[in-house]
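Presented below is the structure to which this report refers.
Every read-out reported here was derived from the displayed coordinates using simple, explicitly stated rules and does not represent laboratory data. All figures in this text were calculated on a predicted structure; none of them were measured in a lab. As a convention, Cβ positions derive from the backbone with ideal geometry for all residues, glycine included, and neighbour counts pool all protein chains shown.
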Amino acid sequence: MEVFERDKKYNEYLNSKIPKTKPWPSLFHAFWIGGLICLFGEVIKDLLMLIPNMSVENASVWESIILIAIASILTGFGVYDKLGAYAGAGTIVPITGFSNSITSPALEFKREGFIFGLCAKMFIISGPVIVCGVIASIVAGLIYLIF
Amino acid sequence: MFDFLMYLKVFLIGGTICMLGQILVITTKMTSARILVTFLLLGVILECVGAFEPMKEFAGSGVTVPIMGFGYTLAKGAIIAGEQEGLLGVFVGGLKAAAGGIAVAVTMAFLVSLFFSSKTKK
Amino acid sequence: MRKIGKQTIEFENMPNIISSYSIVGPKEGKGNFSQYFHKILDDDLFFQDSYEKAERKLFLTATQEALKKCDMSQQDIDVLIGGDLMNQIISSNFNARELQAPFLGVFGACSTMVESLIVGACLIDGNGFKNAVCVTGSHFSTAEKQFRYPLELGTQRPPTSQWTVTGAGCIILSSKDSNVKITKATIGKVVDWNVCDVNNMGGAMAPAALETLYTFFEDTQTKPDDYDLILTGDLGKLGSEILRDLMEFRGYKLGANYGDCGQMIFSNEQKVFQGGSGCGCVASVLSSYVIDRLKCGKLKKVIVVATGALMSTISSQQGDSIPCIAHLVLLEGKDV
């Protein structure tokens, strides 16, 4: 009991000692970088719409494909992590963050070999996104199917 | 063609969604995988209650570029295919709709890792 | 060798430090101890094809250069002692394979250098061994990969985080006389005050440093002012502040003679939040700056308390708190 009290007190003390960083700068960084990425996507879509016979649906798919490809290449050049250190969620939340979370482990683990390194570790961060996304989509589809 | 009011809306809404993500990072110390999953599920839920389409009409890429858009694509694919083809559609539709994104992400990751190696941080 | 008090060893034959060598990465080379390190790398890949291999080469280079400094060859090594942060301490194992020396692998996370020194000092003090080569180190990129995220992933480091030092240090102990001796050591207990935040190692490890330091002062009936320098391993800025608070609470006020390797190794402009960490942190500072100062008589009595966090990614993911340890050695320099 005494130990429990000590630990509780210490953790409270520890939390009070943690340096408080002002949230506003990081919120602002996330805002403008995140907004800019979305804006960039919209401009791509509008440019794609200039192509004859391009449907809105296809333009949207191309838009995310182009964003994913660009983020992947920027990850390779080692630019995306620097951007991420600045913008935080501003670079995680957009689809580019999903691309970064697939490319970065692939790069990191390629030294452990082709199959067990690069291919196997590719999804260590983004795996949950695909698993949860697939299951949630099936649940959503079932709900609509039944009701 | 180029609608500047739309661009403003895309920037503001997209930025705000990312800022919400940053609030989550600061307050809950969530890691990037959790953030991605949270926003993805948010997109699925918004689509289920029918709120995503109007949001998309309003802000375009501002809501589809954030990973919520990926959740929306998956959910919409499963729902529409389910209505058209029944149970099989429910299983096939989601991934079919999102296939482009996943395929490109995987292929690009593969290609990029052939040409680059991870670099240390300075 | 005899035991004094509860956990402290007093060495009677006084194992001597006859050679030391430190090698660090480019970032550390721009820090506060740049003029003391023996070798600073331009590229932390060190001409290897992976960071793990680079870490091994750091170990090998540090050991070979330290041997060269005291005119020893690798056949002369009585025992090689070392450890690192990698799973199964691979860097040390591969280093021992290259050197073909009798090898004891030890693990104490970031406290491994001091743990190695204690083991080595005991072996020499027992009149059995002529020398013991202690080598530990760490590498930022290998530690990130094993404990955190891929390097290229765009994430922000939390304000309580520390930066793993790229570097290795080798210290050779011998029964031959020299200016610097290990006179006392305290073996620490595993201390866990139920801190779970893996991004706040300083806060988790400070209680371990407290227990060991407190036990040492009690065992030897001394107080902080009796020493020229009290150095903790890698508590960082926050952790060392906490240690000051905790020590004061226990009745031992740490004065201006207290410092932390992690806090001191990087300069303020280097954006590393709380400072450095890792086996290489205390190893490189100890084998460069501290031993250098002891040798030239600028420092006489130096306490080194190295702390280590003994969790793994699996234990943390299963919700366990972070068990920590701290080992202490007392280094004394002769009058020059």
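Laid out as a table, the results:
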read-out	value
Alpha-carbon centroids, the range A:20-51 and the range C:1-69: separation in whole Å	46 Å
In the range C:194-277, the trypsin sites (Lys or Arg not before Pro) that fall in loop regions by DSSP, at most 11 other Cβ within 10 Å	C:Lys271
Nonlocal amide H pairs with C:Thr232, under 5 Å, H built at 1.01 Å	C:Gly259, C:Asp260, C:Cys261, C:Val305
Likely footprinting exposure, C:Asp234, C:Asp192, C:Asp335, C:Asp43, fewest C-beta neighbours within 10 Å first	C:Asp335, C:Asp43, C:Asp192, C:Asp234
CD proxy at 222 nm, helix term only [per DSSP H run n ≥ 4: -39500 (n - 2.57); per residue of chain C; nearest 500]	-9500 deg cm²/dmol
Tail beyond 30 Å, pair distance distribution of the protein assembly as shown (Cα, percent)	57 percent
Value at 222 nm in deg cm²/dmol, rounded to 500, when DSSP H runs of n ≥ 4 in chain A each add -39,500 (n - 2.57)	-24500 deg cm²/dmol
Part-to-part distance (alpha-carbon centres) for the range A:99-147 and the range C:190-261, which is given in Å	44 Å
The protein assembly as shown, dipole about Cα centre (Lys/Arg Cβ +1, Asp/Glu Cβ -1), debye to the nearest 20	740 debye
Relative contact order %, the range C:281-336, counting alpha carbon pairs below 8 Å whose residues are six or more apart	43 percent
Rounded to whole Hz, the Karplus (6.51, -1.76, 1.60) HN-Hα couplings of the range A:10-27, x for glycine and proline	5, 5, 5, 4, 4, 4, 6, 7, 4, x, 8, 8, 5, x, 4, x, 5, 5
Peptide B:26-39 - average C-beta neighbours from other chains (10 Å radius)	6
Cβ neighbours within 10 Å from other chains - mean over C:169-175	0
Most to least packed among C:163-170, B:46-53 [average Cβ atoms within 10 Å]	C:163-170, B:46-53
Helix-only CD estimate at 222 nm, as mean residue ellipticity for chain B, using -39500 (n - 2.57) per DSSP H run (n ≥ 4)	-27500 deg cm²/dmol
Assigned charges on the beta-carbon of Lys, Arg, Asp, Glu; the range B:4-115 dipole about Cα centre (debye)	340 debye
31 Å Cα-Cα threshold exceeded, pairs from C:Lys184/C:Lys253; C:Lys6/C:Lys27; B:Lys121/C:Lys301; B:Lys121/C:Lys253; C:Lys30/C:Lys189; C:Lys3/C:Lys334	C:Lys6/C:Lys27; B:Lys121/C:Lys301; B:Lys121/C:Lys253; C:Lys30/C:Lys189
Relative contact order for the range C:180-333, counting Cα pairs under 8 Å that sit 6 or more residues apart, in percent	38 percent
Calculated from backbone phi, Karplus (6.51, -1.76, 1.60) coupling profile of the range B:25-40 in Hz, x at Gly/Pro	4, 5, 7, 10, 6, 5, 8, 4, 4, 5, 4, 4, 5, 4, 5, 4
Given charges at Cβ of Lys, Arg, Asp, Glu: the range A:32-146 dipole, positive-most of A:Gly84, A:Ala120, A:Gly35	A:Ala120
Taking C:Val114, C:Val119, B:Val25 and counting other C-beta atoms within 10 Å, the order from fewest to most	C:Val119, B:Val25, C:Val114
Taking chain C and dividing mean pair separation by its residue count, relative contact order in percent (alpha carbons under 8 Å, at least six apart)	25 percent
In Hz, Karplus ³J(HN,Hα) per residue of the range C:170-177 (6.51, -1.76, 1.60; θ = phi - 60°; x = Gly, Pro)	10, 10, 9, 9, 8, 7, 5, 6
Ranked A:Ile125, A:Ile92, criterion: other C-beta atoms within 10 Å, fewest first	A:Ile125, A:Ile92
Cut-off under 5 Å, modelled amide H: who pairs with C:Leu80 long-range	C:Phe103, C:Leu104, C:Val133
Spatial separation of Cα centroids for the range B:1-59 and the range C:84-160, in angstrom	45 Å
Fluctuation leader among B:Val92, B:Val65, B:Val106 - chain B, Gaussian network, Cα springs under 10 angstrom	B:Val106
Under 5 Å, built H, 5+ apart or other chain: amide partners of C:Leu299	C:Leu294
Estimated translational D of chain B in µm²/s (Stokes, Kirkwood radius over Cα pairs; 20 °C; 1.002 mPa s)	132 µm²/s
